[in-house]
Structures are given as structure tokens and as C-alpha cells.
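Remarks on the structure that follows.
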Amino acid sequence: MKTDTIVKQEGMKALINHLGYVDAERFIILITKEPFDYTEWRRQKFGK
């Protein structure tokens, strides 16, 4: 099992690779700025 640190590092790397530095940071700000249920959002956008 991966450590929390490795998961965070790999997650940031994936965001940066897909969105670029600016939009990856923007995504994190948007997620942390207001109450957000990632699991529900994922279900709505991508199904089960």
C-alpha cells in the first residue's frame, strides 16, 4: 500500500501533467474553497 505522501505526490503529478501548473493549482483552490463532496461529484459526472 502506498503512503499518503506518495499518493499526494502522484496526484499532484497527474493534475499537473493533465492541467498544467496554473490550472492544477486552480483546481485545488476550487476544491478546498467551498464545501465539496468529491465522491458525489464523481458519481454525477462519471457514474458508478
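What follows draws every value from the coordinates through simple rules; no lab data is involved. Treat the numbers as computed from the prediction; the structure is a model and nothing was measured. Note that each Cβ is placed from the backbone with ideal geometry, even for glycine, and that neighbours are counted across all protein chains shown.
Which order do peptides 11-21, 32-42 fall in by mean Cβ count within 10 Å, highest first?
Working: 11-21: 12.0, 32-42: 8.5.
Ranking, from highest mean packing down: 11-21, 32-42.
Taking only DSSP H segments of four or more residues, each worth -39500 (n - 2.57), what value at 222 nm results for the chain once the sum is divided by all its residues, to the nearest 500 deg cm²/dmol? Before the final figure, lay out each step's value.
Numbers: 2 runs with 39 residues, N = 48.
My calculation for the chain gives -28000 deg cm²/dmol from helical runs alone.
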